[in-house]
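A short worksheet on the structure shown next.
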């Protein structure tokens, strides 16, 4: 087979296989009497009834608002603090054991702490999402700033670039590949913590809905919520991938030319 | 850039000083009322509680349960992801067929499956292992696939020219050269497995540190809650160190490994 | 215009101390083209960084027009050897060349003019809006030179700028630097380990000893201007100077460190 043919076959398979699996699921579950696995058509119906667009304003919007508020705070704080630690070697050495320890705590273990201090409202959820998302961004920023090529630093210093431009024009762009890697990790953490925090203490939100559906034995509804979370995870990931691809275009180009 | 002339603290002292500083700060601030003591007990009291816990059998049972959930989750994930990853990764056609599926399933937050786990497995260890294994599986298989894709084609061709059969090539060439990636994958998967174990304990109420933390809070025993959070952190730290060390050992002979984002 | 007095640089302290530069005196006149040559690892780059105010000297001082250098002076530009690492990969050629002008707070049209003229001088106008990594190594180094020119320096320090380009490109770049240094009336201090290059470019050559570095000798180069890759290199004086510098470096190297010299010759 030609390379071109192979390529098309590959792309075709990539699209066809997931669809085929979904169809198989649909066929196998049709008329299913198994309690946990309702017919796929029932799940679709529940999905349409709940998420198009009945519960968008009551559950989806509050969920995503909390998620992106926490995520946004983590980005701003993580990058700023990361710059600070990244630029000062001694601050980095001093902070290292504390950062390592805080990072090692499994995020959900901090949830009771957040509830204790902030109660069960939005503040708690935003706090816990921000706190957990902070570490990957912070540590990656430190790493990125720290490993900026010394020649670039010296070039900026030699030409007397004002410190503000040195931060915005040199340090941040040079560290951006690592910063983006950290943000990518945090994005999936944000979604996870959003769900957990809503499962543990909430009266609305997607996580609350999913767990509540299970408790009230509304199984197709539960599945529809799982589907929605899956779709959201996929969409956020893909959307972030597009942004990253655009912003870091120079990085891929530079690396490709360095390897070539 | 100018060298400073005044005497400075030596570098090795800095981490100790900062740890000491944080401890003192969180001991003094609650005592003088800057932080509310009801929410932030002085750290010396918390550490005292933690020390007392070390001789309490329930504490060790909880640690044991959490470690069990973590280990079984990781084990199941590894038993599935490593062979599957190698199999899928070494066949171009198979890889293309499932890539779309993996890309679609991977970003699904595994915590979304908590209700399903409760439905099927109840609130015991089975649920914990299911969730931990599910989450760890994706971390691991992605790394295994990277590793298999990264095998030097020259090595494969050489093996082929020596007449090694396909299974032999998998065993002799593909597996060894993807070992560093598998090591990285195991480290990431270990962290995720622990996170999901604690989550399950917290949300579902399976026995373990997560459940104890949650109960300490609802019972109003704030010192115990902090002590257990610290204990969980130490557990996370220890597990991470073990895997970082193991990874370093494996990486020593493999320079091509890229830094993995954690 | 540039005066280096009793410059010394020691890295580390106590028992770990390594003396990179012993005691160096150099004077560079206005609009002069001075090459600094020496054996590999003789602290040329360290010396240049001290001159540029990037490294504080351990002893002695550097003056630029009677002003002591304590940080990078405004009228000075530096071109690094590692062009691929000193250009900002996220900026286009135009943005790279314009970047240092931020210090000068020029108005937009003036800055644009400086950038475009500088890029024109190195003959890269067609590539203004390309990224550095889309260009060849020699072109990238020309961007770095354009960036230095746009900065309107009175003095330009160049640290083995052509060490990592191929021979033909190198010859072209040498001529380019000679031409623009005259055109812009800029003083050049050029570090190289290539003796041919030093003789071809210089008004004066400073030969350094192995580390801890001192000045071994200073040679006037009285080859006619403008230089030409073929004609200049055909002249007997060129060959003599070349041989002289060569022997000077070799002799000193063998006196100081026989084993290092052997290793250097093998490498």
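No lab work stands behind these numbers, since they all come straight from the coordinates. Keep in mind that this is a model prediction, so the values were computed, not measured. Cβ: placed from backbone, ideal geometry, glycine included. Neighbour counts: every protein chain shown.
Taking packing as the residue-averaged number of other Cβ atoms within 10 angstrom, the listed peptides C:16-22, A:204-210 run from highest to lowest as A:204-210, C:16-22.
For the pair residue A:164 and residue B:24, label points projected 7 Å from Cα toward Cβ lie 3.7 nm apart.
Each part reduced to its alpha carbon centroid, the range A:35-49 and the range C:194-235 end up 84 Å apart.
Our Cα-only numbers for chain A put the radius of gyration and Dmax at 22.9, 74 Å. Comparing B:250, B:63, B:19 in a Gaussian network model of chain B, where Cα atoms under 10 Å apart are tied by springs, the biggest mean-square fluctuation is seen for B:19. Report the Cα centroid-to-centroid distance between the range B:210-252 and the range C:47-82 in angstrom, as an integer. That distance is 52 Å. For the range C:1-136, the relative contact order comes to 21 percent (Cα pairs under 8 Å, sequence separation of at least 6). Taking other C-beta atoms within 10 Å as the exposure proxy, C:213, B:199 rank C:213, B:199 from fewest upward.
The protein assembly as shown: percent of C-alpha pairs farther apart than 55 Å?
Beyond 55 Å sits 26 percent of the P(r) for the protein assembly as shown.
Which residue fluctuates the most in chain A, going by a Gaussian network model with Cα springs under 10 Å, if the choices are A:175, A:46, A:109? Maximum among the listed residues: A:109.
For chain C, the relative contact order works out to 25 percent when only alpha carbon pairs closer than 8 Å and six or more residues apart are counted.
Taking every residue in C:80-91 and counting other chain Cβ atoms within 10 Å of its Cβ, the average works out to 6. Legend: calculated FRET efficiency, residue C:16 to residue C:218, from the Cβ-Cβ distance at R0 = 35 Å, rounded to 0.05, equals 0.60. For the listed peptides B:70-76, B:20-26, C:138-144, a ranking on the average number of other beta carbons within 10 Å per residue, highest first, reads C:138-144, B:70-76, B:20-26. Peptide B:211-218 shows a mean partner chain C-beta count of 3 within 10 Å per residue C-beta. The sum of -39500 (n - 2.57) across all DSSP H runs of n ≥ 4, divided by the residue count of chain A, sets its helix-only mean residue ellipticity at 222 nm to -26500 deg cm²/dmol. Roughly how far apart, in whole Å, are the Cα centres of the range B:144-209 and the range A:85-99? With the range B:144-209 and the range A:85-99 each reduced to a Cα centre, they are spaced 33 Å. Taking square-rooted eigenvalues a ≥ b ≥ c of the alpha carbon gyration tensor, is the range B:30-70 rounded, prolate or oblate, where a/c under 1.5 means rounded and, failing that, a/b exceeding b/c means prolate? Since a/c reaches 1.5 and a/b is larger than b/c, the shape of the range B:30-70 is classed as prolate.
Rg over Rh of the range B:185-253, using C-alpha atoms and the Kirkwood radius, what does it come to? Don't skip to the answer; put the middle values down first.
Details: Rg = 14.7 Å, Rh = 13.1 Å.
Rg/Rh for the range B:185-253 comes to 1.12.
Rounded to the nearest 5, the antiparallel percentage of DSSP beta bridges internal to the protein assembly as shown is 50%. The relative contact order of the range A:183-252, computed from alpha carbon pairs under 8 Å that lie at least 6 residues apart in sequence, is 26 percent.
Does the range C:1-91 classify as rounded, prolate or oblate by the C-alpha gyration tensor (a ≥ b ≥ c root eigenvalues; a/c under 1.5 gives rounded; else a/b over b/c gives prolate, otherwise oblate)?
Numbers: a/c = 1.58, a/b = 1.12, b/c = 1.41.
In terms of gyration-tensor shape, oblate.
Arranged from fewest to most other beta-carbon atoms within 10 Å of their beta carbon, C:246, B:16 become B:16, C:246.
Please order A:192, A:115 by the number of other Cβ within 10 Å, starting at the fewest. Working shown, then result.
On the way: A:192 28, A:115 22.
Lowest to highest Cβ neighbour count: A:115, A:192.
Taken residue by residue and averaged, Cβ atoms of other chains lying within 10 Å of the Cβ of A:144-157 number 4. Take each peptide in B:82-92, B:207-217, B:122-132, count the other Cβ atoms within 10 Å of every residue, and average; sorted highest first, the result is B:207-217, B:122-132, B:82-92.
Taking every DSSP helix (H) stretch of at least 4 residues in chain C, weighting each as -39,500 (n - 2.57) and dividing the sum by the residue count yields a mean residue ellipticity at 222 nm of -11500 deg cm²/dmol.
In deg cm²/dmol and to the nearest 500, what is the mean residue ellipticity at 222 nm of chain B if only DSSP H runs of at least 4 residues count, each as -39500 (n - 2.57), divided by the residue total?
Numbers: 11 runs with 192 residues, N = 262.
Taken over chain B, the calculation gives -24500 deg cm²/dmol.
Quick one: grab the alpha carbon gyration tensor of chain B, order the square roots of its eigenvalues as a ≥ b ≥ c, and give me rounded if a/c is under 1.5, else prolate or oblate depending on whether a/b is larger than b/c. Verdict is oblate for chain B.
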